[in-house]
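Working notes, beginning with the structure itself.
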């Protein structure tokens, strides 16, 4: 198993992305694509924290479904997050570069992205707590 301090650092960075996106969702009337991007980034870091915690195959990729597949090799219950990962996956590329295809980032989509990232966060943190990798109060 990896150093718990490193796992905690990944979780803290994920929480920063999640909290940044959440506060912007409350404060702003637009920037929904950027908000969705940060929810995607939070989910990516939550999944990578699990990968680091168990010394699983670490890949420098952004595909949440592939990261989830790596995590599910350790705990198959994580397969229940496929819908959330699928929803957030498009927010990595679509929101980063000029697109020549239609994109539709609305407040409703940002709220769905927030809920998807929250579910991923809770699942990962609960598994890490149950395994004693992180403390109950984190």
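Give me the helices (runs of 4 or more DSSP H) completely within the range 1-94, filtered to those with at least 1 residues that are farther than 24 Å from residue 133 by Cβ, ordered by residue number.
Values: elements: 4-27, 32-53, 64-72, 82-93.
So the answer is 4-27, 32-53, 82-93.
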Selection within the range 33-60 - over 13 Å from the mean Cα position of the chain (by Cα) and on the phi < 0 side of the Ramachandran plot = 33, 34, 52, 53, 54, 56, 57, 58, 59, 60
Residue under evaluation residue 52, criteria (1) closer than 19 Å to residue 119 by Cβ; (2) crowded, with 16+ Cβ neighbours inside 10 Å; (3) at pLDDT 95 or above, criterion not met = (1)
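Return the residues of the range 91-112 that are crowded, with 16+ Cβ neighbours inside 10 Å and modelled with pLDDT of 85 or more; say none if nothing qualifies. Talk me through it step by step, then tell me what you get.
Step one: list which residues in the range 91-112 are crowded, with 16+ Cβ neighbours inside 10 Å, which gives 91-92, 94-95, 105, 109-110, 112.
Within the range 91-112, 91, 105, 109, 110, 112 qualify.
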Per-region count, the range 2-28, residues without any contact (Cβ under 8 Å) to a residue 24 or more places away in the chain and more than 19 Å from residue 115 (Cβ to Cβ) | 4
Checked the range 113-137 for anything surrounded by fewer than 18 Cβ atoms within 10 Å (Cβ to Cβ), closer than 13 Å to residue 88 by Cα and in contact (Cβ under 8 Å) with a residue 60 or more places away in the chain; matches are 118
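The values are calculated or read from the model by the stated rules, or taken from the named source; none is laboratory data. It should be emphasised that the depicted structure is a prediction, and the values quoted were computed from it without experimental measurement. Neighbour counts run over all protein chains shown; Cβ positions are idealised from the backbone, glycine included.
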